[in-house]
1. Evaluate the following for Y177: is it open to solvent by 30 Å² or more (accessible area, probe 1.4 Å), farther than 19 Å from L196 by Cβ and aromatic (F, W, Y)?
2. Keeping to region 218-237, report how many residues are more than 18 Å from V330 (Cα to Cα) and polar (S, T, N, Q).
3. Could you give every pair whose Cβ atoms fall below 9 Å, whose first residue belongs to region 99-117 and is over 21 Å from V68 (Cα atoms), and whose second residue is assigned to a strand (DSSP E or B) and among the aromatic types (F, W, Y), counting only separations of at least 6 or pairs across chains?
4. Here are the criteria: (1) buried (at least 19 other Cβ atoms within 10 Å of the Cβ); (2) more than 28 Å from the chain's Cα centre (by Cα). Tell me which single one S301 does not satisfy.
5. Taking the residues in region 179-213 that are assigned to a strand (DSSP E or B) and under 14 Å from the mean Cα position of the chain (by Cα) as candidates, determine which candidate is modelled with the lowest pLDDT.
6. Look through region 33-61, keep the residues that are touching a Phe, Trp or Tyr at 6+ places or on another chain (Cβ under 9 Å), open to solvent by 50 Å² or more (accessible area, probe 1.4 Å) and modelled with pLDDT of 90 or more, and return whichever of them is farthest from Q116 (Cα to Cα).
7. Are any residues in region 199-239 under 26 Å from P292 (Cβ atoms) and crowded, with 20+ Cβ neighbours inside 10 Å, and if so, which ones?
8. Taking the stated definitions as given, is A127 open to solvent by 20 Å² or more (accessible area, probe 1.4 Å), at pLDDT 95 or above and among the aliphatic types (A, V, I, L, M)?
Amino acid sequence: MSLIFGQWPFGKYIFAGNSPNMMPRESDISYEDGQVNVDIYSPAGIKTDAFATGVEGNPLSQIQFELVATGCGACTLNFKKLPKVSNLTYGSRIDIRLFGDHRPWWSGYVLTLPDQGGTQQEFKITAHGYYNALKNVFIFKTYENMEVGDIVKDILLMVETRTGVKYNSSKVYAVGYAITKIVFDGVNAQECLKQLSEFAYDFVYGVDEYQELFFKQRITAINEEARFFVGQHVNEFEPAINVDKLVNWARIKGGNIDDQGESWLATVEDTASQQVYGRREDVWTLPTAYSPDDVKRWGESELSKYKDPVISAKVKGVSIKYPKPNRFWVRKLSTDGKAAIYNLDGELRQYPIAKIKYTINADKGIACDLELGEPIFTLDRYLFDIERVARNNELLQQASNKQLGGV
């Protein structure tokens, strides 16, 4: 049994506890070709049902799930026969394990269930990883002179009591920067984490397949599990370059206002990028920040992401099986690190891993596709950006009203 010290379940300290996600030794891992397991748990954590390939009467016809930068993403399960309502309900936890692995490859909770009595031949259930639950937790708190990582831990303690997300302090890292003042006045936990990560240089955050929140430095080295040769390990490789989102000068509004009623707190720019691409301007807002130093720090971090063109690629038909002496082995891919792609000319391309999509079909087996870098355009990202701008403007006005009113 593996033990990990210093756990804080629901804010209560214990000296040691089971750790199902301790890194196993390779000798303890065994894979089975084509094996797929789906385990169902009640919201209380009691296992209520299980489905597996090779089992007579298995009702699952197709599964699709995604791993993204924020952990476990969207998932759909198609059933030929709907499971018992008592075994699978709203909020039920679903763990998916591939190739007979005892570790989960994806974990999330049920969002929608089909109703019975219709004419459909298949029943589709949708689910999402536990990061999705953070959007329904709202934070009303002011933090002053606190390290970014400590603020994240405090927020996570509040999230844990309201969702299925677990607190594991070892997965939340310090940034090395103390925020002078930040006010979350009705901001959901997802947006809080996004803003706090933007005070760091290249931090990632989310909820993993063990339902534990992480907040850590992005790995920029090559992920050796994701080293591919086009034509040998992948069937299709479609690279692209996007300069539309490039910004190298930005003026930033914060939550504080001066005697003239203005809330401009900082300006950031990158002259090297301007010399190559010309000056490309934007106006940003960070309504939760009140200190010019904090806003400048945040702006410089954001500018580091936008000062260069965005490269991306779509990779389809990924071969995740590869031989090892005397044993069957697979690539257990994650979004950590960069994918290394050798194109048809033998040139090495490196991309951050944005999305891993698995499709499991009863007839075709297990298939894997990748999205690398940042996609040029996605509707959900576009709608999220619009919603974020609107919410930021609302919070900015809210902060101004409080100060003008002497609150």
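1. no
2. 1
3. L113/F123; P114/F79; P114/F123; Q116/F123
4. (2)
5. So the residue we want is F203.
6. D33
7. Within region 199-239, F199, A200, F203, Y205, F215 meet the criteria.
8. no
The values are calculated or read from the model by the stated rules, or taken from the named source; none is laboratory data. Keep in mind that what you see is a predicted model, and the values were worked out from it rather than measured. Cβ coordinates were reconstructed from backbone atoms using ideal geometry, including for glycine residues, and neighbour counts include every protein chain displayed. Each accessible area value is taken on the protein alone, full model and side chains, heavy atoms only, with ligands, DNA and RNA left out. Shrake-Rupley method; radii C 1.70, N 1.55, O 1.52, S 1.80 Å.
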